[in-house]
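The values are calculated or read from the model by the stated rules, or taken from the named source; none is laboratory data. These numbers come from a predicted model, not from an experiment. Here the Cβ positions follow ideal geometry from the backbone for every residue, glycine too, while neighbour counts run over all protein chains shown. Please note that ligands, DNA and RNA were not included when accessible areas were found on the heavy atoms of the full protein model with its side chains. Shrake-Rupley method; radii C 1.70, N 1.55, O 1.52, S 1.80 Å.
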Amino acid sequence: MEQLPSITDYPAGISVIDAQYHRPGRAAIHLIVENGVAALVDTGTRYSVPGVMVALAHKRIAPEQVAYIFLTHIHLDHAGGASEFMRQLPNARLVVHPRGASHMANPVKLIAGVMAVYGEAKFRRMYGEIHPIAADRIISAPDGTCIELNGRPLHLLDTPGHARHHYCIHDTRSQSIFTGDTFGVSYREFDMNGLEFVFPTTSPVQFDPDAAHASLDRLMALEPRHAFLTHYGRIDNLPHHALHMHALIDAFVAIAQQAPPHPDRHAAIVHALQDLLLQRLKAHGCTLPQDAILSLLQTDIKLNAQGLGIWLDQITRQPAQTAQS
């Protein structure tokens, strides 16, 4: 029988369930329960589903009680388990950004794009099978959509920057925002004396620093008390983290712009990001050994470097494209 994953419960019917993605504490699936009716925020991968179903049974929530699955965006560490959840949760409807809805109904291009990066064998190991989802079970949710979870309003806000198909959820009852990747990444291993460490995620292929700054400002204008991050769980101290996120977005951009041209650019960005985050973590008071820090951060740093490289290529091409048009 599948083991019960780590679950952390918070007030207002919110729980953080470990998605069991690569390592404990890397990715979360958030559960919201309102008077016996439930919703999931993000899905992890196909391999996250059995553990979450055990967690629901542990909480005495029947599959039929799950009304919605919210995808903050369609990157597969957030959306890869959606089709299997929809098979196992018969009354659930999938709520997704309009730019992502067609990819959930017909995931062929989404799968092909990820396979092009990882290859088919690694794709299968990481994400498993992804199936089409019936269009009549998908809610395409533009900016300003309000979904009522058994009378509890959940407001969806278009928040590009990490991806153009990204929304965040504002839950006024808990004074919280569910931020996917818009508010960055924060691993609990880096918490020091009640203060978290947060850094941006610029992974491929749609990083846009101007949009990322604007989305952060939009979220902070709501004056939330808490943020629930897919990577990982609840953070507080949001005014502090917003300032540091803005500064780190600018620092990441500067690193990309100062990197040498190909073929050394990616390695240079990786090393500069590594040095920057180690420096910031030291200032944060982190006492973990450097090897332990880099073990936790290595995948994020590589993905961030790839995304920054793609962004740099895109802005470099834009003037030439404008001149030709």
Notebook entry, point to check: Does Leu219 count as open to solvent by less than 50 Å² (accessible area, probe 1.4 Å), touching an Asp or Glu at 6+ places or on another chain (Cβ under 7 Å) and farther than 21 Å from Ile269 by Cα?
Noted result: no
Subject >> Test result for Ala242, touching a helix residue (DSSP H, G or I) at 6+ places or on another chain (Cβ under 6 Å), of a type outside the set (Asp, Glu) and modelled with pLDDT of 95 or more >> reply: yes
Flagged in the range 95-154 as open to solvent by 80 Å² or more (accessible area, probe 1.4 Å) and under 17 Å from His73 (Cα atoms), in numbering order, are Arg99, Asn106, Val108, Lys109, Pro132, Asp143
In the range 49-73, anything assigned to a loop (DSSP other than H, G, I, E, B) and crowded, with 21+ Cβ neighbours inside 10 Å is listed as Leu71, Thr72, His73
Exercise for review: Determine whether Gln279 is under 14 Å from Thr202 (Cβ atoms), open to solvent by 40 Å² or more (accessible area, probe 1.4 Å) and out of contact with any Leu (no Cβ under 7 Å at 6 or more places or on another chain).
Suggested key: no
Considering only strands (runs of 3 or more DSSP E) wholly within the range 78-160, the ones with at least 3 residues that are farther than 26 Å from Val205 by Cα and either at pLDDT below 95 or of a type outside the set (S, T, N, Q) (or both) are 146-149, 152-158
With criteria (1) surrounded by fewer than 18 Cβ atoms within 10 Å (Cβ to Cβ); (2) more than 28 Å from Leu296 (Cβ to Cβ); (3) of a type in the set (Phe, Trp, Tyr), Tyr10 comes up short on (2)
A careful count of residues in the range 223-251 that are of a type outside the set (Gly, Ala, Ser) and open to solvent by less than 60 Å² (accessible area, probe 1.4 Å) gives 16
Worksheet item: Going by the structure shown, is Thr43 on the phi < 0 side of the Ramachandran plot, crowded, with 24+ Cβ neighbours inside 10 Å, at pLDDT 95 or above and in contact with a Cys (Cβ under 8 Å, 6 or more places away or on another chain)?
Response: no
